[in-house]
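Worksheet for the structure shown next.
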Amino acid sequence: MAAKKGTMACQSGQTALAARLLGRFAGEAAADGSNLIFSPLSIHVALALMSTGASGATLDEILAVAGAPSRDELHAFVRATVIDCVLADRSSDGGPVVAFACGAWTDWRKPLKTEYRDTIVGTFKGSATTVDFLEEPVESRKQINAWVAEVTKGLITELVNPEEQSKETTNVVVNAIYFKGKWHDPFMKENTTDHEFHRLDGSTVSVAFMQSWSYQQIACHDGFKVLKLPYRMTDVDWSLPDFDSKKLRSIPKFSMCIFLPDANDGLGNLTEMMSSSPKFLHNHLPWASVPVNEFRLPRFKLAYGGSIAKDLTSLGLILPFQPFTGGVTEITEVDATDDPIYVSDVIHKAVVDVNEEGCEAAAATESDEDMGFSLDFDEPQVVDFVADHPFAFFIIEETSGSIVFAGHVLDPSRE
C-alpha cells in the first residue's frame, strides 16, 4: 500500500511538473513565434538523477519540483513505472519502438562515489564513463553527442556544443528517450492534400494535411476540441488457454492528443487553462469515437531545445545551481570544501516527426478499447476537426498517465 501511494504521488508530481513546464516553455516559444516540443518525462527523470547526488535543502528543492515525497520513492517510481514499463521496448510484439538510456561522464581526476555509480548503473540502468574534460574537452563532448545520437536513432545528433562547454566541467549526466509508433489506424498517403494553415499573426501558409473519414476519438468542449490518436500496441493472442485479460490493464497504451482551440488565436488561453491545472489534460480526453465530416491534421516535424536551467529556477530549483550551496556533494570522491560541486546547466532537446504512418520522437530526456453499449442511445453527432490553426499536442501513456512529449504547432511548415 505504501509503495502504491508513493507511485501515485510521484505520478501526480510528474503531471504537475509537465503543466508548469508547458506554461513556461509555451510562453517563451509563442513570443518568438516558434513551434515547441519537449519531454516532461525526460526532465522528470533528470531531476531524479540529480537527486542521487544531492542532500539537505538542495535535495528538498529537487523533490519539491519533481513532486516526490522522498528520494527513495522517486527512484522506485522512475525504475518500476518509467524505465521498466512506460519506456520498455515492445516492438518485437508489434508495439512502438522505444529506447531509453542514461549515462554519466566523469573526469578521471574526480572519480564517482561508489553509491552514486551503483545508483546510475543499477536503478537507472545507465552507464558510467571516465573521460578527460580538462585536457580533451572537445573530444569528451563529442563522445557524449555520439552516445545520444545512437540512443535516439540519429534524431538528435548534438546535445552539447563541444566548442562552448567549460573546461571546469567534471561530471555530465544525460538521459535520452526515443519513441517511434505507428497509428492504430494509419492515414492514407493518397488522401494527403495541401491546405492553408492560419498563423497567429493572421498570415497563412500552404502545408500538407493528412485526411480521414473514419470514426475518430474526439471530445467537444467549450471553446476547444480534443482528438486522441491511438498508436498500435502490443499484439495479443486472445486464443491462448492461459490468456489473462487483467494483464491488458498493465500494457502501456500510447496516444497522441491534439488540443485544438475553436478560435484561430485561441491557443494562448487554452495553454493557460492547461498549465493552471495538472488534471486538465487527462480530464478532457475523449472516451468515445464519433463520425467525422471534415477531418484534417497537418504533417509536422519539430525540433526544440537548449538550456532549461533558468526555467527550472523559475519553478523553485535554485540551490543546485549555486557553486557554494549546491548541495550535490554525493557525486565524486573529491572533497567539495575546496572544490565545490554544483549543477552548472541542464540542457534539454526534443524532436518529433508526425506523418501518415505515425510519429517518431526523441528527447535527451494490440490496442484494447473498453466499449460500452445500450439498447437506448442517441446517434453520435457528426464532428468536424480541422487543425488549420495553432494547436497543442501531447504523446501520453494512458496506463500510467505519463506525459512523454508535449508541445505546440504554430507553423507546421517550420521545424
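A short reminder: the numbers here are calculations on the coordinates, not readings from a lab. Worth saying up front: this structure is predicted, and the values here are computed from it rather than measured. Cβ atoms come from the backbone with ideal geometry, glycine included; neighbour counts cover every protein chain shown.
Provide Rg and Dmax in Å for segment 252-309, with only Cα atoms included in the calculation.
According to the Cα coordinates of segment 252-309, Rg and Dmax are 14.6, 45 Å.
For segment 150-227, report the % of Cα-Cα distances exceeding 18 Å.
Of all Cα-Cα pairs in segment 150-227, 72 percent lie more than 18 Å apart.
How large is the convex hull of the Cα atoms of segment 101-201 per residue, expressed in Å³ as a whole number?
Taking the convex hull of the Cα positions in segment 101-201, it is 184 Å³ per residue.
Mind jotting down the distance between the C-alpha centroids of segment 153-218 and segment 70-100, whole Å?
22 Å
Using the Cα centre as the reference, give the magnitude of the dipole from point charges on the C-beta atoms of the chain (Lys, Arg: +1; Asp, Glu: -1; all else neutral), rounded to the nearest 20 debye.
Charge dipole, the chain, about its Cα centre: 520 debye, nearest 20.
Give me the one-decimal Kirkwood hydrodynamic radius in Å for segment 38-126, with the sum taken over alpha-carbon pairs.
Computed over Cα pairs of segment 38-126, the Kirkwood hydrodynamic radius comes out at 14.1 Å.
Evaluate E = 1/(1 + (r/R0)^6) for Lys125 and Glu333, where r is the Cβ-Cβ distance and R0 equals 22 Å; express this FRET efficiency to the nearest 0.05.
E between Lys125 and Glu333, to the nearest 0.05, is 0.40.
Name the lysines eligible as straight-distance cross-link partners of Lys189: C-alpha to C-alpha under 19 Å, and not fewer than 8 places from it in the same chain.
Within the straight-line limit of under 19 Å, Lys189 reaches these lysines: Lys180, Lys301.
In nm, to one decimal, how far is the modelled label at Lys4 from the one at Glu28, with both set 7 Å along Cα→Cβ?
Modelled inter-label distance: 3.9 nm.
Any number yet on Rg/Rh for the chain, C-alpha, Kirkwood?
0.98
When the helix-only estimate is applied to the chain (DSSP H runs of n ≥ 4, each -39,500 (n - 2.57), divided by the residue count), what is the mean residue ellipticity at 222 nm, nearest 500 deg cm²/dmol?
-7500 deg cm²/dmol
Hey, which lysines would be in cross-link range of Lys110, C-alpha to C-alpha under 17 Å, not counting anything within fewer than 8 residues on its own chain?
Cα-Cα hits under 17 Å: Lys167.
Remind me, relative contact order of segment 54-106 in percent, using alpha carbon pairs under 8 angstrom and six or more residues apart?
17 percent
Can you give me the pair-distance distribution of segment 1-54, C-alpha pairs, 10 Å bins, whole percents?
22, 40, 27, 10, 2
Output the peptides 384-393, 207-216 sorted from most to least packed, where packing is the average of other Cβ atoms within 10 Å over each peptide's residues.
384-393, 207-216
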